[in-house]
Structure formats: structure tokens, C-alpha cells
Amino acid sequence: MPDQKKLGLLAQAGLEPYQEQPGEEYMNDAQRAHFKKILEAWRSDLRNEVDRTMNHMQDEAANFPDPVDRAAQEEEFSLELRTRDRERKLIKKIEKTLTLIEEDDFGYCESCGIEIGIRRLEARPTADLCVDCKTLAEIKEKQIGRA
């Protein structure tokens, strides 16, 4: 069985790519339900990972007499905590996106208002900018970073 982390979000949620019907309205009920399933599965997976880490850290907590062993354990815990912090922020972003779905405001660029697109949203369900606006934002960020 393939490792869960290596599967895409669709596969983790047990879904196939959304098949649009000719003349189908963008972000209709079926599309919103599709993305809600993806986001809920992703959030659940992240929460399970957080619980697993907490259990691991509690089980592994030991008072090593050797400073090298203690430092290695502290470094491992530090890396895990940073990862969990990133995942916690991602869970918040997923919850914000689920709220947008409930409010019928999902799938549109926050900057210019155009449709983000089904395939882009399947690849990155928390995207809130279209490809063009995201590219411009990255260019501006690089220019500010150099200044």
C-alpha cells in the first residue's frame, strides 16, 4: 500500500478528479461538496498527525545522562514542533476555506475576482488567488526582498 503522504489530496480523500459537465455553472453545489470533502479529509489527516506527534513526544521523552543524546532528542522535538506549527497554520487556512465554501464565496480570486479554476483548486484547495495574481504577488515579493 502506498504511503499516505505521497498520495495527492484527491486520493487521500478517496475522490476522483471532478468531471465538469458541458454548460455546468462554476462552483455549483456538486463542486462545492467535492471541495468540502477534499478539505475535510485533509484537515482530518493533519489533526491525526498532530495527535500522533504528541503521543510520540510523550512516549519518547527521556532524561538522557549524555548531553549529546539529550541534544539530539531536543533537536528532533524542535523539528517536529516546527512541522506541527506549520500544520496548525494550514488547518486554520483549511477552516477559513471551508467557511468560504459555506458562504458561497469559494473559487474566486480575492484580488481580481475571476474564477480560479477547478484543476488549480484540486491541486491547491486553499488557493485564494488566480495563477496570474499569484505570479504577480510572487514577483512583487521578490522585488521587495531585494530592495
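The values are calculated or read from the model by the stated rules, or taken from the named source; none is laboratory data. Since the structure is predicted, the reported quantities are computational estimates derived from the model, not experimental observations. Positions of Cβ are backbone-derived with ideal geometry, glycine not excepted, and every protein chain shown enters the neighbour counts. Calculation scope for accessible area: heavy atoms of the full protein, side chains included, ligands and nucleic acids excluded. Shrake-Rupley method; radii C 1.70, N 1.55, O 1.52, S 1.80 Å.
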*Protein chains only, probe 1.4 Å: how do L46, L15, L136 rank by accessible area, largest first?*
L136, L15, L46
*Taking every eigenvalue of the Cα gyration tensor of the chain, multiplying by 5 and rooting it, what semi-axes result, largest first, whole Å?*
37, 22, 12
_Solvent exposure ordering (accessible area, 1.4 Å, most first) of R119, R70_ = R119, R70
_Explain nothing, just compute: Karplus ³J(HN,Hα) = 6.51 cos²θ - 1.76 cosθ + 1.60, θ = phi - 60°, for every residue of segment 23-28 in order, whole Hz, x for Gly and Pro._
x, 6, 6, 5, 6, 7
*Accessible area per residue, 1.4 Å probe, Å², for segment 83-147: what's the number?*
68
*Apply 1/(1 + (r/R0)^6) to the Cβ-Cβ distance of N28 and C112, taking R0 = 22 Å, and write down the FRET efficiency to the nearest 0.05.*
0.55
*Using a 1.4 Å probe, how large is the accessible area of I114, given in Å² and rounded to the nearest 10?*
90
*Considering Cα pairs under 8 angstrom that are at least six residues apart, work out the relative contact order of the chain and quote it in whole percent.*
23
*Among residues other than I116 whose Cβ falls under 10 Å from its Cβ, what is the net charge (Lys/Arg +1, Asp/Glu -1)?*
+1
*What are the ³J(HN,Hα) values, in whole Hz, obtained from phi via the Karplus relation 6.51 cos²θ - 1.76 cosθ + 1.60 with θ = phi - 60°, for each residue of segment 71-82 in sequence order, with x given for Gly and Pro?*
5, 4, 5, 4, 5, 4, 5, 4, 4, 5, 5, 5
_FRET efficiency, E49 to E16 (Cβ-Cβ, R0 30 Å, nearest 0.05)_ = 0.80
_Phi to ³J(HN,Hα) by Karplus 6.51 cos²θ - 1.76 cosθ + 1.60 over segment 38-43, Hz, x for Gly, Pro_ = 4, 5, 5, 5, 5, 4
